[in-house]
Amino acid sequence: MMQETQENLLELSRQGDPEAIATLINRSLQPRGIRTEAEIDEDCLHLFLEANQAPPQAQLVPFIRNGLTSLGVESIRMARIYGRQKGQRQPIWQEAIDLNSTHVSVATVQQRLSTLHQSPGDASYPNGRLNELGLQPSGHSMNGTSQEMPIGGVNGNNGATLIQSNSADGLESYGGGRGIGQQIAIAKKVMHLTDYGGVIDTTQTDGSRNLKLRPAPKSQRYCLPFPELLGRQPEIEAAIANLQSATPVEFYGEAGLGKTSLLRAIAYIPTLASGFTDGMVYRHAYRQTVSDLLQILLTDFYEYESSIPVKATETEIRNALQDKKALILLDDVQMSREEAENLLSASPNLTFLLAGSERHIWSEGQAIPLPGLPLNDALTLLERGLSRPIEPPEQTLAAKICNVLGGHPLRILQVAALARHQVPSENRSFDLLDQREVDPSPLDRPLPNGQSFDRQALNRQPLNSSPLAAIADQLQDSPSPEALVLKASAALPPAERQALAALIVLGGVPARPENLAPVTGLHDVENTLRSLSSRGLALTDGNRYSIAQNLLAPLQRVPKRDQWISRLLNYFTTWAEQHGQVTELAQESNVLMRMMHLGVETERWSEVLRLARAIDPALTLSGRWGAWEQSLQWALQAAQALGDRSAEAWATHQLGTRALCLDDSFAAQSWLTQALDQREALGDQPGTVATLHNLGLLLPPVTQVESPIPIAEPEPEPIPAPVPTPTPLPTIRSNATPAPPWLKWAILAGLFAALGTLLALLFTSRDSDLWLNRDRWILTIRSKIPAVALKQYS
């Protein structure tokens, strides 16, 4: 049904139907928050692109031009594209494009396709020229069995058998190294990974794959409990009441208020878990797209009985999840309101509990703002941070500090750690191994409002002076609690400042200690990270570390940031290229995507392109196709900046291949026709074959026509002699509705009756002039009768 709808849309679009064209464009642009409307005015197509922010003209105009050109709409000569902000009538920009001045016409592409489908050696193999890419017919079946016929890459690598296994982070485990020669199935297609990009095969599968049910997911699989949660009882009770009635709930508030701790505590409430018979899932959303999150959720409940990885379509995911009565807890949600609504509507029986800095639930559901802790709970948390009871003389100071901090849990812990480390202690020690390789800290910088910090100020406090008194005084003079924490951070030992600087550049994305050690030059980096965590400067889930979120914004403009970006980019680029294992790359995809983003921000295009190449198979085979698209867009931007036409052609081919697999025909045609033109201009014969083959699934060759079924012809009958026919009289055509047969006979009868009456008068009235000229009238009437009758019948 989907394929029929897709074909109907394409056919209507090629006929110039504006609604069909708008539907195709919306399939490509709506995931980016851009809505399209189309109107036709004679031979001009008007396209109105609308988004919350002005749609990017430089990116969208070439994309739409290529897509409209590849459709080959003969009735449309020109297109006018308007970009406007949502809610406004006047466009911010507009541009006209001439669709007749195209360099790749549909007829030209069809002619190239007819050449591709002419196999040089085996006429029975429709894709004969694909052997130039090292591809052979697939021996994999979709029912879990496999034949020994691997797909080979152009470099001679054979595809290894891929084994799916359960993974706590939602990423499947696949073998086979760099991915070249491997395959992934989606709908009725199989994509083969080659050095020239993905090549689509539709001849080896009927699209039928069996989903195997996994054991019901439980909280223990995803996160550790948080048993000593302070306060939050009203928020917990409100959340439970709504969740038990299948109403989505969201906690929102600024970073550091304890949203993660709250979700972890709720995940282990037995009475709540018992109400969700299909289990409970806890995930960090980070910056993942809705499509990637849904793909991960599918792997939490199911696995495919397939010998190759499977990328489920959105329809398949929603159908598989529609009967699941489960609780989905998503932490660190960062998406638009429209994306959140799309996620919440993924399944009628899934119930979501979200947590994020901003509010996402507005229409259906309960959004609960998270305030600071009440004073008594804040004092208890301060005691935990101090690792000692608050003395009676300090009660007033402690209450003052908690009130100034607004009961903010993370700030309280950071200030408590600051107070704890102010008093000199013989037990305080830091590992300062290999100091010569440690750069000066990027935290050495002027503070806001021209303040300066004396590294020894805290240690000059009298031993009999209360640390809380010093903290309270400094809070009064500091523009913010974060500024006070940063002042103290400047006094950290070099090793800790070195590790903290790396976490700052990572921008809140968690990283493993083993990947931070080479960057910082610290041999015992894990102990250093633990020390930062104890001070409230770093957060950890036990495996990875990230900067405390409330410190991220103030530390974005630290000196020597570019040096740290360069160091991190060089390391992770080399690591990704040398590591090569698809599963490991997929598990570190968040960090690698962060590195690519930094490379784009600082215009380090070479590293961006190398990272995109290295991570491409991992994102493809792991099903993270939202991140895959973003990576390819960055790769395209980098290739254009570098003037690397081969890399640009590869990126556009991959974008088109991805769109083709997702049945996004407009984007597929736009990208693939562009890649075809680029690869032919470069003389890249194998790349041209790969792009032409994929494009052929949208524009089949005109020469590919099935032979008619032969039938027995009957004996020819004798042809009778031709009968001469009179020359037809001239006809008079009318646009009126033809008269019914009975009316014609009535008119004819009336004519004969009138004629009879006229003749009777002529022959009976001898004294009239008509009688004298009867012979002339008879001849005249006889010549007029056929014409009058013919006029009435026409």
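Computed values, structure above
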item: Residue count, region 398-407 (criterion: closer than 11 Å to Leu379 by Cα and either in a loop (DSSP other than H, G, I, E, B) or open to solvent by less than 50 Å² (accessible area, probe 1.4 Å) (or both)); result: 5
item: Ala22, sole failed condition from (1) under 17 Å from Gln88 (Cα atoms); (2) surrounded by 16 or more Cβ atoms within 10 Å (Cβ to Cβ); (3) not aromatic (Phe, Trp, Tyr); result: (1)
item: Single residue of region 525-555 satisfying the filter (over 19 Å from His421 (Cβ atoms) and in a loop (DSSP other than H, G, I, E, B)) that is most open to solvent (accessible area, probe 1.4 Å); result: Asn543
item: Matching residues in region 87-103 - criterion: being touching a Lys or Arg at 6+ places or on another chain (Cβ under 9 Å), in a loop (DSSP other than H, G, I, E, B) and either modelled with pLDDT under 85 or more than 17 Å from Ile25 (Cβ to Cβ) (or both); result: Gln90, Ile92, Leu99, Asn100, Thr102
item: Subset of region 470-499 [of a type in the set (A, V, I, L, M) and either surrounded by fewer than 18 Cβ atoms within 10 Å (Cβ to Cβ) or modelled with pLDDT under 90 (or both)]; result: Ala470, Ile471, Ala472, Leu475, Ala483, Leu484, Val485, Leu486, Ala488, Ala490, Ala491, Leu492
item: Residue within region 488-498 that is farther than 24 Å from Ser387 by Cβ, touching a residue at least 12 places away in the same chain (Cβ under 8 Å) and of a type outside the set (A, V, I, L, M, F, W, C) present; result: yes
item: Selection within region 326-340 - more than 12 Å from Gln288 (Cα to Cα) and either surrounded by fewer than 18 Cβ atoms within 10 Å (Cβ to Cβ) or among the β-branched types (Val, Ile, Thr) (or both); result: Ile328, Arg337, Glu338
item: Residues of region 296-309 satisfying the condition of being of a type outside the set (Phe, Trp, Tyr) and touching an Asp or Glu at 6+ places or on another chain (Cβ under 9 Å); result: Ile296, Leu298, Thr299, Glu303, Pro309
item: Residue match in region 201-212 (condition: modelled with pLDDT of 85 or more and under 30 Å from Ala326 (Cβ atoms)); result: yes
item: Given (1) open to solvent by 10 Å² or more (accessible area, probe 1.4 Å); (2) under 18 Å from Tyr286 (Cβ atoms), index of the condition Leu343 fails; result: (1)
item: Residues that are of a type outside the set (A, V, I, L, M, F, W, C), open to solvent by less than 20 Å² (accessible area, probe 1.4 Å) and in a helix (DSSP H, G or I), drawn from region 358-393; result: Gly385
item: Which listed residue, of Gly256, Gly279, is surrounded by 18 or more Cβ atoms within 10 Å (Cβ to Cβ) and over 23 Å from Asn349 (Cα atoms); result: Gly256
item: Residue within region 504-521 that is open to solvent by 10 Å² or more (accessible area, probe 1.4 Å) and over 24 Å from Thr573 (Cβ atoms) present; result: no
item: Cross-chain or 6+ apart pairs with Cβ under 9 Å, region 336-351 first and under 20 Å from Gln244 (Cα atoms), then hydroxyl-bearing (Ser, Thr, Tyr) and surrounded by 14 or more Cβ atoms within 10 Å (Cβ to Cβ); result: Thr351/Thr247
item: Cβ pairs under 6 Å, 6+ apart, first in region 85-100 and more than 18 Å from Pro62 (Cα to Cα), second aliphatic (A, V, I, L, M) and open to solvent by 70 Å² or more (accessible area, probe 1.4 Å); result: none
item: Residue in region 588-616 that is modelled with the lowest pLDDT, counting only those that are closer than 27 Å to Ile186 by Cα and open to solvent by 10 Å² or more (accessible area, probe 1.4 Å); result: Asn590
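The values are calculated or read from the model by the stated rules, or taken from the named source; none is laboratory data. Bear in mind that the values here come from a model prediction, so they are computed numbers and not experimental data. Here the Cβ is made from the backbone with ideal geometry for all residues, glycine too, and neighbour counts use every protein chain on show. Surface areas here come from the heavy atoms of the whole protein model, side chains and all, with no ligands, DNA or RNA. Shrake-Rupley method; radii C 1.70, N 1.55, O 1.52, S 1.80 Å.
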